[in-house]
Each structure stands twice: as C-alpha cells, then as structure tokens.
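Enquirer: This is the structure I have questions about; it appears just below.
The values are calculated or read from the model by the stated rules, or taken from the named source; none is laboratory data. Keep in mind that this is a model prediction, so the values were computed, not measured. Counting neighbours? That spans all protein chains shown, and the Cβs are built from the backbone with ideal geometry, glycine included. Note: accessible area is taken over every heavy atom of the protein model, side chains too, but ligands, DNA and RNA are not part of it. Shrake-Rupley method; radii C 1.70, N 1.55, O 1.52, S 1.80 Å.
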Amino acid sequence: MKKIIILTSVIVSVLLFTRCHSAKKATGSVVKYTYENNMQTLVGANCSPCHFPAKGGNKKALDNYDSLKANIDDVIRRIELNPTDRGFMPFKHPKLSDSTIAVFKKWRDDGKLDK
C-alpha cells in the first residue's frame with residue numbers, strides 16, 4: 001500500500017512540475033509582428049491597387065517594407081478616421097475592422113520588424 005501511495009505522489013508531482021514549466025515557457029514567448037509575416041499580405045489586401053505602383057496605383061507607395069515603415073504613423077492615423085472624415089482610408093471602402101487596425105499598431109509598437 002505504501003508503494004502505491006509513493007508512486008501516486010511521484011506521478012502527481014511530475015505532472016504538476018511539467019505543467020508549471022510549460023506555463024512559464026508559454027507566457028515567456030511573446031509573438032512579434034513582422035512585415036513579412038503579418039503586414040505584407042494585410043497591406044496588399046487593403047491598400048492595393050492605389051498604393052501599389054506595379055498595379056497601376058498613383059498614390060504614395062506602400063508596396064514594400066521601407067515605404068510602409070516610413071509612413072506607418074500616417075497610415076494608422078488615416079485608417080482610424082471615420083469614413084466621412086477627410087483623408088479616410090481605404091478610400092471608397094468600408095472602415096477596416098478594429099482587429100485589423102490593431103495589427104498595424106502592434107507592428108509599429110513591436111519595432112516595425114522586417115522579418
């Protein structure tokens with residue numbers, strides 16, 4: 001009977017410590033947004049063709065990392081406007097969702113990483 005109690009105690013302890021270690025790893029790793037993984041597709045879907053010269057756009061280019069990085073504050077300002085406000089983007093389209101706008105902000109706040 002003592003062996004069963006000891007064995008059960010060991011198994012429970014191992015499970016507790018294993019879960020504890022995993023929880024620490026999960027909270028310690030923070031996902032950073034990058035242009036390549038998050039922004040490139042998002043900008044392509046919401047800013048093209050107007051801001052993509054290769055697709056016939058003639059507005060300020062936002063089709064590459066450097067141009068988006070240089071203009072991110074203005075982009076965020078304009079996508080946060082209401083559709084009736086002057087300068088609202090995306091022009092002639094519905095306002096972007098709050099979660100989409102949050103991606104633009106997180107990328108900026110994460111340091112405007114390329115990769």
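Enquirer: Taking the alpha-carbon distance from LYS105 and a cut-off under 13 Å, which aspartates and glutamates remain once sequence neighbours fewer than 8 residues away in the same chain are dropped?
Expert: Of all the aspartates and glutamates, those that pass the test against LYS105 - Cα under 13 Å, at least 8 places apart if same chain - are ASP73, ASP74, GLU80.
Enquirer: Still on this structure, I have one more. Ignoring ligands, DNA and RNA, what accessible area per residue does the range 40-115 give at 1.4 Å, in Å²?
Expert: I get 63 Å² per residue for this part.
Enquirer: Using modelled backbone amide H atoms (1.01 Å from N, in-plane), which distant-in-sequence or interchain residues come within less than 5 Å of LEU113's amide H?
Expert: Correct list: TYR35.
Enquirer: Can you send over the solvent-accessible area of SER29, 1.4 Å probe, protein chains only, in Å² to the nearest 10?
Expert: Solvent-accessible area, nearest 10 Å²: 80 Å².
Enquirer: Ignoring ligands, DNA and RNA, how do THR100, THR84, THR41 rank by accessible area with a 1.4 Å probe, largest first?
Expert: Heavy-atom accessible area, descending, gives THR84, THR41, THR100.
Enquirer: Under 17 Å between alpha carbons, and skipping anything fewer than 8 positions from LYS69 in its own chain: which aspartates and glutamates qualify?
Expert: GLU36, ASP109, ASP110, ASP114
Enquirer: Let me ask something else about it. Could you work out the local net charge near LYS32, counting Lys and Arg as +1, Asp and Glu as -1, over the other residues with Cβ closer than 9 Å to its Cβ?
Expert: 0
Enquirer: Next up: Using a 1.4 Å probe over the heavy atoms of the protein chains, calculate the carbon and sulfur portion of the accessible area of the range 70-110 as a whole percent.
Expert: In the range 70-110, the share of accessible area belonging to carbon and sulfur is 51 percent.
Enquirer: Follow-up question, since we're still on this one. What residues qualify as long-range amide H neighbours of MET89, i.e. H under 5 Å apart, gap of 5 or more or another chain, H built at 1.01 Å from N?
Expert: For MET89, whose amide H was placed from the backbone, the distant partners under 5 Å are ILE79, LEU81.
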